[in-house]
Amino acid sequence: MSLIVMCVIAFVVIAISKWWYRWSNPKSNGKDHRLLKPHGFYEISPFIKKRMLRYGPLFKTNIFGSNTVVATDPDVIFEIFRQENKSFVSSYPDGYRKVFGKGSLLVKHGDLHKRTKQITMQLLGSEGLKRNMIGDINHANRELLRSAASQGTFDAKDTLTSLLLGILIPKMLSKIQPETERNLMDNIKGFNFDWFRSFCALSPWKAFYKVIMARRAAMQVMNDIFSARKESGERHGDFLDTLLEDVIFDENSALQHIFTLLVVAKDATTLANCLIVKLIAQNPKVLAELKREHNAILQNRADKKAGVSWEEHKHNMNFTNMVINESLRLMNLSPIMFRKAVKDVEIQGYTIPEGWIVAVAPSVVHYDPKIYENPSEFNPWRWEGKDLVKGSKSFMVFGGGLRQCVGAEFARLQIAIFLHHLVTNYDFWVAQDWEVTRTPIPLFPKEIMINISQSHTN
Ligand code: HEM
Ligand SMILES: *[C@@H]1O[C@H](CO)[C@@H](O)[C@H](O)[C@H]1NC(C)=O
Ligand SMILES: *[C@@H]1O[C@H](CO)[C@@H](O)[C@H](O)[C@H]1NC(C)=O
Ligand SMILES: CC(=O)N[C@H]1CO[C@H](CO)[C@@H](O)[C@@H]1O
């Protein structure tokens, strides 16, 4: 997921230099950057595909001006993930550290990274979700859908982003004024690169500047929250307090970490959620099976007013998990991730030289017809009998190894609960069909309108 932001920052740099180049050489039309050329949603990057066919699953190329090895083989990718902090480290451009700050999980390594992840899992791991989140997730999704149905139509992208931030912010920074929360939410929403969909925005720096200012404003709001808390001397027992109890965090790094989590969480989860709604709305067979599963859950529930319980989520949602996996496979939110070799590494008879960038592309694995028959088809049943919640060599939508996504369980829970309330209570359809292109990260439309009404048939 972090790749989305990372690529976008790289894009911005390229776009700005392209713009500059064009501006200073009005007769030329610049040089196309081949990896970033838009392509269809249900295919892998033609740039990678072409070279793979010519050179095999592991090949050298040049990406963003760096010597890069591209890895597309499942065993090699799995091994690279496993070697994090040994032969490879995750690698982001310098601009990254400036944008997110040193406290962000994304730029930490070694012990500091490990410790930060452990603390974060107290909030986002199974225990935390079960104890502290599932009730709020139920409540928020129910309210969202109720309000949407009373309007008849809603922008799923915007309302789901608000919903996620409305769930996460109070867990991280509790007891803040509604007005402060709204302000923080707006600024975190402003930290988004949507404008970049039309690969060359007219004036990329202006838009980029706006994003950076939104980040600055969000950090300011959080600093004010922190100052107020310090003054009162009160303990809140929220995620900020948990972070500050650990010696590895100070005020700044704790807030930077929280900021990173919020921006990564809202984009990834919202887009996944939206795409799933579209896929099930357009596949009546899948929708019927989902309804069957969720109505059965509802029927077996003693207290009909209660939301989804942890046990129901763990044990009675096989088909839901099949739908989620299949959607995430097709979606490839993080089609490529970047690592750097910290020493010469021998893999499958091939030496990756020290200092080289390695682009791992699980998206190629997810669209490999030898692993997934008719890979571009949406077919949840292909997951029947497979392990549904653990990643594997053939399913790496949440990455792998030490860098595996911290929000995977949270995202799955949110999507499952949204689907539960949606299919058991409402009829819905996509108000206007939309397409997603890739460059190679998926670029979603600005608004995703869904029409919805109370169901009379369930
Ligand atoms: C469907 C939703 C999501 C998808 C597909 C997704 C995907 C990913 C992937 C592929 C990685 C690995 C990146 C790499 O190895 O370079 C990752 C890392 C990460 N994700 Fe997610 N993610 C999702 C939701 C979330 C949520 C909800 C959160 C936060 C609450 C989150 C926070 C993070 C963080 C902080 C990392 C960096 C982990 C590290 O560097 O150790 N993600 N995600
Ligand atoms: C759900 O899937 C698991 C693992 O594949 C299987 O053991 C279990 O029986 C399934 N449950 C139902 C209700 O189908
Ligand atoms: C969706 O709802 C809007 C507003 O109620 C309406 O104008 C539009 O025609 C609806 N679209 C479809 C496809 O039903
Ligand atoms: C290759 C590499 O980055 N190794 C690091 C792994 O983590 C330890 C502990 O933080 C560091 O000391 C190593 O440099």
Note: among I417, I450, I371, just one is assigned to a loop (DSSP other than H, G, I, E, B) and more than 16 Å from ligand 2 (Cβ to nearest atom), namely I371
Considering only helices (runs of 4 or more DSSP H) wholly within segment 257-340, the ones with at least 2 residues that are under 30 Å from S87 (Cα atoms) and among the aliphatic types (A, V, I, L, M) are 318-331
Assuming Q404 fulfils every condition listed in (1) closer than 18 Å to V286 by Cβ; (2) surrounded by fewer than 22 Cβ atoms within 10 Å (Cβ to Cβ); (3) modelled with pLDDT of 95 or more; (4) not charged (D, E, K, R) apart from one, which condition is it? (1)
Hey, G110 within 16 Å of ligand 3 (Cβ to nearest atom), farther than 19 Å from L164 by Cβ and exposed (fewer than 14 other Cβ atoms within 10 Å of the Cβ) or not: no
Could you check how many residues of segment 46-74 are within 15 Å of H366 (Cβ to Cβ) and assigned to a helix (DSSP H, G or I)? 4
Residues that are over 29 Å from S253 (Cβ atoms) and either in contact (Cβ under 8 Å) with a residue 24 or more places away in the chain or away from ligand 4 (no atom under 16 Å from the Cβ) (or both): list the helices (runs of 4 or more DSSP H) wholly contained in segment 101-184 that include at least 2 such residues. 134-151, 156-172
Scanning segment 437-452 for residues that are closer than 21 Å to K285 by Cα and either more than 11 Å from ligand 3 (Cβ to nearest atom) or crowded, with 19+ Cβ neighbours inside 10 Å (or both), the one nearest to the chain's Cα centre (by Cα) turns out to be I450
If you go through segment 396-411 one residue at a time, how many are within 28 Å of N141 (Cα to Cα) and either part of a loop (DSSP other than H, G, I, E, B) or within 16 Å of ligand 2 (Cβ to nearest atom) (or both)? 8
Quick one: would you say N187 is closer than 19 Å to D267 by Cβ and either touching a Phe, Trp or Tyr at 6+ places or on another chain (Cβ under 7 Å) or at pLDDT 95 or above (or both)? yes
Could you check, for segment 226-244, whether at least one of its residues is among the hydrophobic types (A, V, I, L, M, F, W, C), under 25 Å from Q414 (Cα atoms) and not in a helix (DSSP H, G or I)? no
Being over 18 Å from the mean Cα position of the chain (by Cα) and under 23 Å from G110 (Cα atoms) is true for just one of V345, V365. Which residue is that? V345
All but one of (1) of a type in the set (A, V, I, L, M, F, W, C); (2) within 16 Å of ligand 1 (Cβ to nearest atom); (3) within 22 Å of the chain's Cα centre (by Cα) hold for W434; state the number of the condition that does not hold. (2)
Those residues that are in contact with a strand residue (DSSP E or B) (Cβ under 8 Å, 6 or more places away or on another chain), within 12 Å of ligand 1 (Cβ to nearest atom) and polar (S, T, N, Q), I need them from segment 309-364; list them, please. N325, N332
For segment 423-436, how many residues meet the condition of being surrounded by 20 or more Cβ atoms within 10 Å (Cβ to Cβ) and within 16 Å of ligand 3 (Cβ to nearest atom)? 1
Failed item in (1) modelled with pLDDT under 95; (2) within 16 Å of ligand 1 (Cβ to nearest atom); (3) not β-branched (V, I, T), with D387 passing the rest: (2)
Of all residues making up segment 350-381, the number that are surrounded by 15 or more Cβ atoms within 10 Å (Cβ to Cβ), free of Cβ contacts under 8 Å to residues at least 60 places away in the same chain and either of a type in the set (G, A, S) or farther than 17 Å from P57 by Cβ (or both): 1
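The values are calculated or read from the model by the stated rules, or taken from the named source; none is laboratory data. Here the structure is a predicted model, which means the values were calculated and not measured. FYI the Cβ positions are ideal-geometry reconstructions off the backbone, even for glycines, and counts take in every protein chain you see.
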